[in-house]
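Bear in mind these aren't lab numbers, they're just calculated from the coordinates by the rules spelled out. Source: prediction; values computed, not measured. Ideal geometry is used to build each Cβ from the backbone, glycine not excepted, and the neighbour counts take in all protein chains shown.
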Amino acid sequence: MTATERYLESQRAYRVSDNLIFAFGQDVADAARDAVTLTTWAAEAHAAHVGVSIEAQPDDWLDTCEKTLAKLGWVMVERAWNTAYEVPDETQEGAAKRILKQALGEHPMTRGLIGKLQVAGEWPRRPRWAGLVEQDANGVPLLTSILLVALPAELVELPTAAVPEAPPRHAFRLAIWAARLNMAIFETARPVLLRRFLEQEEAGNRP
């Protein structure tokens with residue numbers, strides 16, 4: 001087994017990087033898991049190459065990643081941004097957990113995904129792209145993901161009747177992005193992605 005294959009094998013349960021944490025359903029085939037790993041790696045690498053940061057420019061970072069993924073075979077099903085203001089007596093972490101559960105549904109993998117985010121540290125203060133990868137009725141990989149960005153406290157608008165002693169409110173921007181993978185398109189890019197991935201690994205500069 002090559003180093004690249006070992007890396008791909010290690011990502012069977014979760015695809016984890018500095019910015020991306022995706023949980024895979026048990027019915028997702030190995031080829032589909034490899035495809036998700038390679039295409040998201042390429043998307044992150046391209047964003048880093050053009051100097052777009054998930055922390056400083058989450059909107060631009062997501063747009064850049066989506067454009068790369070689209071070229072590699074991901075066909076968007078849904079894309080939406082919205083801002084969710086939270087109740088005053090809820091902690092920021094509690095609010096983030098609730099939003100994730102609402103966005104991803106009562107899925108058995110959601111709890112593990114949240115656990116991985118917490119282990120990664122600096123969450124939810126630091127934005128991360130997280131989601132679930134499943135297989136649809138036609139055997140096509142389906143990615144349902146969210147990018148949760150915590151807004152600074154000074155940007156959170158309080159009700160006009162609020163008093164100075166009111167508990168802090170927390171706000172998030174939530175990007176929902178769902179897409180299906182066209183494996184035929186991906187297969188044309190696979191050899192190039194594998195070669196570039198191996199080059200990065202050998203250079204000790206994997207993003």
(message) Straight-line reach from Lys101: which lysines fall under 28 Å, measuring Cα to Cα and dropping same-chain residues less than 8 apart?
(response) Lys67, Lys116
(request) Taking the Cβ of each residue in Asp34, Asp63, Asp18 as the centre, tally the other Cβ atoms inside 10 Å and list the residues starting with the fewest. (result) Asp18, Asp63, Asp34
(message) Using a 7 Å offset from the Cα along the Cα-to-Cβ direction at both Met76 and Gln200, what is the distance between the two label points in nm, to one decimal?
(response) 2.2
